[in-house]
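These notes concern the structure reproduced below.
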Amino acid sequence: MNLRNRTRVIVLLVAVLLLGAVGTGAVLYAADRTARRDQAQPGGPAVNSGQVSLQVPSSGRQLLFRNMAWGPHRDEITTVAADRPDGPRTASGVQCLRFHAAAGTGICLQAQHGALEDTYRAVVLDDHLRELRAFPAAGIPTRSRVSPSGHLAAWTVFVSGDSYAGSDFSTRSSIVDVRDWNLRENLEDFAVILDGHPYQAHDINIWGVTFADDNTFYATLASAGKTHLVRGDLAARTLTTLHDNVECPSLSPDGTRIAYKKRVPGLPADSPWRLYVLDLGTMTETATAERRNIDDQALWSGTDNLLYALPGDYGADLWTVPADGSGAAQPVTKAAVAPAYLG
């Protein structure tokens, strides 16, 4: 064997050994992550298996959310008493990346892990968290909502990009009627009325649906570098702009106010949002007392307070703040995200 061929063989053998080492390392890393995932973290919340229902409980108001604590129930939908959010959690066994529920209907956005890549789906759940119907999702789950009646479910995913902070992202928002499974797969197909005039553009993105009833909803529309609050009409298939600089809206239970994240000039590009409330009657904006960056679709915990997620030791924690700008932000519970109230 001449020197050139011998060198080639040596290079090939080294490459094979390196690839084997990398593969072994990847397997060991994945095994270590699995082992850590299955071990409850000391000092974390108590989580136990049990029965979880989406029916309005007779025992009192319940708070449901995705459990983020490390252990065998991580990512499962869990429930606690709303007046004792730091109490022991009951885990359902159903894993969701994003979740919401109302009136006995749940929407669960799930990942399906494949050998080469993950895929995603939106799963409609009944009041016992059993799957009724699943729809392929075009990207990474980010927002979900169920209408107050439980008849409509909505979800938003990132089709490209993975953050709202920059401009290089694309979303897909869908709404399904669970009574007849009529799916509006892409709300970008709706006609847009911008400042009273028909509007068309190739860069329209819609995200963050929140429902008023079984026909009217609100969402964020982005185009030409601006974001707008839109009122959607399912029957007419229209989106009408109402106010600028509104993202991830959340309608109050009485239908009079919108909680949302607002881009505030002068803040860092990677943390541009603060939590605001918009009066739909007067279009008056009120800044809440939460001064940290909010990248979440807040949930109304009643008529006076908002619930939202902030980064925490386990991934995310839930916090609350008054909606009228008074008071101060207060912690609710650790290791939780994507909340919903029952009762």
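Of all residues in region 276-311, those being within 26 Å of ASP75 (Cα to Cα) and at pLDDT 95 or above number 17. One residue stands out in region 164-175 among those that are at pLDDT below 80 and under 14 Å from GLY208 (Cβ atoms): the one that is surrounded by the fewest Cβ atoms within 10 Å (Cβ to Cβ), namely PHE169. Within region 163-218, can you find the residues that are among the acidic types (Asp, Glu) and either touching a helix residue (DSSP H, G or I) at 6+ places or on another chain (Cβ under 6 Å) or closer than 20 Å to ALA122 by Cβ (or both)? Correct list: ASP177, ASP180, GLU185, GLU188, ASP189, ASP214.
To keep it simple, each residue is scored yes or no on (1) at negative phi; (2) assigned to a strand (DSSP E or B); (3) surrounded by fewer than 21 Cβ atoms within 10 Å (Cβ to Cβ).
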residue	(1), (2), (3)
GLY93	no, yes, yes
ALA101	yes, yes, no
CYS108	yes, yes, no
TYR120	yes, yes, yes
VAL123	yes, yes, no
ASP127	yes, no, yes
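Confirm whether PHE169 is touching a residue at least 12 places away in the same chain (Cβ under 8 Å) and touching a Lys or Arg at 6+ places or on another chain (Cβ under 9 Å). In short, no. Pairs needed: first member in region 90-104, touching a residue at least 12 places away in the same chain (Cβ under 8 Å); second member anywhere, among the hydroxyl-bearing types (Ser, Thr, Tyr) and surrounded by fewer than 20 Cβ atoms within 10 Å (Cβ to Cβ); C-beta distance under 7 Å; at least 6 residues apart or different chains. Matching pairs, first to second residue: ALA91/SER49; GLY93/SER49; ALA103/SER149. Where strands (runs of 3 or more DSSP E) sit wholly within region 200-248, those with at least 3 residues that are among the β-branched types (Val, Ile, Thr), within 18 Å of the chain's Cα centre (by Cα) and within 26 Å of ARG179 (Cα to Cα) occupy 205-211.
Residue by residue, here is whether (1) surrounded by fewer than 22 Cβ atoms within 10 Å (Cβ to Cβ); (2) assigned to a loop (DSSP other than H, G, I, E, B); (3) touching a Lys or Arg at 6+ places or on another chain (Cβ under 7 Å); (4) at pLDDT 95 or above holds:
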{"position": "LEU63", "(1), (2), (3), (4)": "no, no, no, yes"}
{"position": "THR78", "(1), (2), (3), (4)": "no, no, yes, yes"}
{"position": "ALA111", "(1), (2), (3), (4)": "yes, no, no, yes"}
{"position": "ALA115", "(1), (2), (3), (4)": "yes, yes, no, no"}
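Scoring PHE158 on the criteria (1) at pLDDT 95 or above; (2) within 22 Å of the chain's Cα centre (by Cα); (3) closer than 27 Å to ARG133 by Cα; (4) of a type in the set (A, V, I, L, M, F, W, C) leaves a single failure, condition (1).
The values are calculated or read from the model by the stated rules, or taken from the named source; none is laboratory data. Just so it is clear, the model here is predicted, and its values are computed rather than measured. In this analysis, Cβ positions are derived from the backbone assuming ideal geometry, glycine residues included, and neighbour counts consider all displayed protein chains.
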